[in-house]
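Structure first, then comments.
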Amino acid sequence: MRILAMIAAAAALGLAACNQAQTEQATEDAATATEQAADAVGEAADAAGAAATDAANAVEGAAADAAAATDAAAPAPTTTP
């Protein structure tokens, strides 16, 4: 009977060690996933910043083109005697 109790105790200790190892692995996996998510957010922020810069440059260029077209289309000033 004592041998069965010892086997049960050894099995329980083995199970506890396995669960601890699984818990530690899950913690490491979660930390890795968090780091990867942070990297992805950083990359997305960089891409959004670059897109905003490109959009601003496009708007500035369009405004300059519109101003140039308006100046070209405006009638020449006239002088009155």
Taking the Cα-to-Cβ direction at A10 and at A45 and moving 7 Å from each Cα, how far apart do the two end points lie in nm?
5.5 nm
Quick one: grab Rg to one decimal and Dmax as a whole number for the chain, Cα atoms only, in Å.
35.4, 127
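For E28 and T79 in one chain, what is 0.36 nm times their gap in residues minus the Cα-Cα distance, to one decimal in nm?
10.2 nm
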Treating the beta-carbon of each Lys and Arg as +1 and of each Asp and Glu as -1, no other charges, what is the dipole magnitude of the chain about its Cα centre, to the nearest 20 debye?
560 debye
Environment charge at A21 (Cβ cut-off 15 Å; Lys +1, Arg +1, Asp -1, Glu -1):
-3
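Every number here is computed from the coordinates shown, using simple stated rules; none is lab data. Model, not experiment: these values are computed from the prediction. All Cβ positions, glycine included, derive from the backbone under ideal geometry; neighbour counts span all protein chains shown.
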